[in-house]
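The values are calculated or read from the model by the stated rules, or taken from the named source; none is laboratory data. All figures in this text were calculated on a predicted structure; none of them were measured in a lab. Cβ coordinates were reconstructed from backbone atoms using ideal geometry, including for glycine residues, and neighbour counts include every protein chain displayed. When the accessible area is computed, the model is the full protein with side chains, heavy atoms only, and any ligands, DNA or RNA have been set aside. Shrake-Rupley method; radii C 1.70, N 1.55, O 1.52, S 1.80 Å.
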Amino acid sequence: MNENMTEGARKNPFFEPYNTLHDTVPFDKIRLEDFEEAFMEGIRRDDEQIEKTINNPEKPTFDNTIINVDEDKDGYYDLLSRVSTVFSNMLSAETNDDLDALAQKLQPILTKHANDVRLNKRLFERVKAVHAHHRKLTPEEKMLLDNCYDGFVRSGALLDDEGKEKLRKLTEEAGMLSLQFSQNLLKENKAYTLHITDGQQLEGLPDTAREAAAMAGKEKGVEGWVFTLDYPSYSPFMTYAADRGLRKQMYMARNTVCTHNNSENNLEICKRLVNLRREIAQLLGFKTYAEYALKRRMAGNARNVYKLLDDLIGAYKPTAEKEIGDIAKLAEKLEGKDFKVEPWDFSYYSHKLKLKKFNIDSEMLRPYFELSNVIKGVFGLANKLYGITFKENKDIQVYHPDVKAYEVFDNDGSYLAVFYADFFPRKGKQGGAWMTQFQGQWIDRKGVNVRPHVSVVMNLTKPTEDKPALLTLGEVETFLHEFGHSLHGMFANTRFESLSGTNVWWDFVELPSQFMENYSVEKDFLRTFAFHYQTGEPLPDELIGRIVKSRNFMAAYSCLRQVSFGLLDMAYYTKKDKFDEDIIPFEKKAWKKAMVTEQLPDTCMTVQFSHIMAGGYAAGYYSYKWAEVLDADAFSVFKKHGIFDRKTAQSFRDNILSKGGTEHPMTLYRRFKGGEPTIDALLKRNGIKKIKKAKR
């Protein structure tokens with residue numbers, strides 16, 4: 001961010017129109033101090049607008065109350081949203097100590113403001129009046145009204161003064177602890193490095209992993225090779241490194257983060273967060289936090305969530321146990337009958353088994369998945385399906401040199417969106433991958449369709465001094481997943497921003513993303529971009545055949561792994577009484593029925609489980625499996641009509657991607673599919689249920 005501006009002439013860039021292409025964020029003009037100033041002014045303006053609304057002498061109506069509360073984008077009322085969006089994205093993708101400290105300072109102020117709005121008696125009285133008596137509304141307006149009213153109620157509007165004060169304290173504490181959880185996790189993950197100076201300890205590692213580690217060593221100013229807990233470094237090490245002792249060291253480092261006796265320990269934070277959410281739910285009249293959360297989910301209640309998870313265990317566990325047994329047999333054959341496969345051996349020997357069964361591994365494919373070609377392939381897929389095009393524009397400001405910015409144009413050539421892509425790991429960036437946005441979509445009161453600025457943030461394999469970024473097939477899937485979320489955002493076409501794009505129920509939001517993953521093993525898609533980065537030769541048919549055949553390798557184990565996370569999530573958030581157990585043993589017990597491998601007593605997932613502790617998925621992690629049922633079912637429609645079929649794609653866009661949360665998600669899905677989803681397509685895709693061949 002730019003520090004070299006004349007003080008006298010300078011104005012806070014958040015306070016004025018950006019005057020940039022498509023009103024994109026002018027990252028080069030923003031300073032650290034701009035955030036706090038903009039937040040405080042945004043809160044003041046927010047309060048001013050609310051005062052105007054509640055002091056309006058006219059009878060409360062949908063237009064003078066609900067829209068003002070939720071969606072007024074006229075004038076300067078969006079300042080708080082504008083600065084919040086940039087600030088939160090920087091905290092995840094490009095933070096530093098100063099930004100973290102500012103977040104700690106601002107968190108209680110912002111939580112207090114949110115409570116001041118939702119617990120404002122006079123404002124709620126107007127909302128309640130409109131909810132009881134209103135003009136005839138469109139389905140989208142009705143959804144906005146219901147969401148607005150329900151939002152107030154779920155935030156404590158019906159509580160007495162004592163209850164409201166208690167809720168304030170609980171939510172403020174929860175907000176601070178969620179932030180602390182994330183900051184601790186980032187610091188712990190980035191603090192660990194494995195520094196190797198003896199080249200013999202690199203035995204088994206492919207050239208890509210060695211070169212990346214050598215470059216990491218140079219960046220840190222040390223001789224030799226440096227490995228980190230970032231996925232592009234950690235995963236190849238665990239898959240290929242022959243040195244079992246070093247694999248154990250890496251595994252234990254990754255799986256014990258935030259459990260050590262230091263300031264980044266998250267054990268008590270997690271325990272307190274679980275109790276805070278339970279107390280909040282019970283204060284609002286619910287027995288558990290899960291009951292509170294699932295009221296706004298397709299699943300509806302904990303019973304339905306457990307039914308899904310139990311059905312998946314029943315269907316997949318026998319196959320998963322066989323998969324684990326096959327790995328153990330191979331390890332014994334290679335190492336001796338007394339050899340026991342430990343958790344740090346799992347990736348190593350499962351890779352050897354995959355190589356033995358299918359003669360394929362990720363390193364064979366890397367040369368065909370050069371990042372610039374993958375980008376062309378993913379963008380080309382969107383063009384085949386929807387007719388949209390992407391054009392990189394270096395005049396659009398980005399927050400880091402790694403980030404690329406694109407203009408997106410619709411099939412008729414009109415401007416559709418801005419798309420940012422942030423590909424590689426770095427010091428101030430959280431692990432994992434996610435989609436976010438710097439501007440949502442809505443239609444203003446003048447009828448202008450304000451188009452979105454969406455972003456995908458990932459941690460993919462970086463280029464080295466000698467090679468471009470060469471991805472694994474898994475990383476291609478990750479790109480497709482997040483790109484699916486971004487299409488949900490880019491195709492948004494609703495009147496109200498709070499209902500647009502990915503603003504849908506949490507067990508529906510993963511459908512567009514997981515749907516896109518299906519293409520990663522489709523020959524006709526791979527044919528469009530998978531060319532050797534040196535020779536230009538296409539990915540051979542024979543190798544594609546091996547990819548397709550190996551698609552379901554360890555699929556049952558992978559399913560149960562996701563199910564285990566869902567069970568852990570539900571175990572915490574279905575608690576009716578105070579949670580005072582030790583986290584680590586509780587975790588082992590919670591997911592035991594989905595486990596097919598031994599659990600080590602010192603490792604812990606909970607303390608790094610951002611989804612359910614700080615990421616909004618509390619009592620909602622089952623959503624990934626719920627949406628997987630939907631995505632397999634939806635893709636079966638494409639398989640029937642052709643995976644690039646424009647008519648089917650247009651229906652998917654019109655009925656799901658563009659509608660956001662304007663109607664109940666099952667209504668939207670039925671409109672696309674013509675009926676409700678079944679689990680059959682998922683079972684068939686994973687090879688659990690055989691596809692019946694048609695009789696001739």
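At a glance:
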| item | result |
| --- | --- |
| Any helices (runs of 4 or more DSSP H) falling wholly within the range 111-206 and containing at least 1 residues that are buried (at least 18 other Cβ atoms within 10 Å of the Cβ) and within 28 Å of the chain's Cα centre (by Cα) | 139-154, 161-191 |
| Residue ID - farthest from the chain's Cα centre (by Cα), chosen from residues in the range 286-345 that are of a type in the set (Lys, Arg) and surrounded by 19 or more Cβ atoms within 10 Å (Cβ to Cβ) | LYS317 |
| Any hit, the range 494-509, residues being open to solvent by 10 Å² or more (accessible area, probe 1.4 Å), over 30 Å from PRO677 (Cα atoms), outside any strand (DSSP E or B) and among the hydrophobic types (A, V, I, L, M, F, W, C) | no |
| Output for the range 547-567, where each listed residue is more than 30 Å from GLN608 (Cβ to Cβ) and buried (at least 18 other Cβ atoms within 10 Å of the Cβ) | ILE547 |
| Selection count where residues are in a helix (DSSP H, G or I), of a type in the set (D, E, K, R) and more than 16 Å from LEU312 (Cα to Cα), scope the range 570-596 | 3 |
| MET1 out of contact with any Gly (no Cβ under 6 Å at 6 or more places or on another chain), within 18 Å of ASN89 (Cβ to Cβ), at pLDDT below 90 and open to solvent by 20 Å² or more (accessible area, probe 1.4 Å) | yes |
| Tally, over the range 443-466, of residues that are open to solvent by 10 Å² or more (accessible area, probe 1.4 Å) and either touching a strand residue (DSSP E or B) at 6+ places or on another chain (Cβ under 7 Å) or at pLDDT 95 or above (or both) | 9 |
| Residue in the range 670-680 that is among the small types (Gly, Ala, Ser), free of Cβ contacts under 8 Å to residues at least 24 places away in the same chain, in contact with a helix residue (DSSP H, G or I) (Cβ under 8 Å, 6 or more places away or on another chain) and farther than 28 Å from ALA293 by Cβ present | no |
| Residue within the range 131-147 that is under 30 Å from SER182 (Cα atoms) and touching a residue at least 40 places away in the same chain (Cβ under 8 Å) present | yes |
| Leading residue by the ranking (surrounded by the most Cβ atoms within 10 Å (Cβ to Cβ)) among those in the range 242-268 that are of a type in the set (D, E, K, R) and part of a loop (DSSP other than H, G, I, E, B) | GLU264 |
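Residue-wise test of (1) in contact (Cβ under 8 Å) with a residue 24 or more places away in the chain; (2) more than 20 Å from the chain's Cα centre (by Cα); (3) open to solvent by 50 Å² or more (accessible area, probe 1.4 Å).
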| residue | (1), (2), (3) |
| --- | --- |
| GLU392 | no, yes, yes |
| ILE396 | yes, yes, no |
| LEU416 | yes, yes, no |
| PHE419 | yes, no, no |
| PHE424 | yes, no, no |
| GLN430 | yes, no, no |
| THR436 | yes, no, no |
| GLN441 | yes, no, no |
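Yes or no, residue by residue, for (1) modelled with pLDDT under 95; (2) in contact with a strand residue (DSSP E or B) (Cβ under 7 Å, 6 or more places away or on another chain):
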residue	(1), (2)
PRO512	no, no
PHE515	no, no
SER520	no, no
ASP524	no, no
THR528	no, no
TYR533	no, yes
PRO538	no, yes
VAL548	yes, no
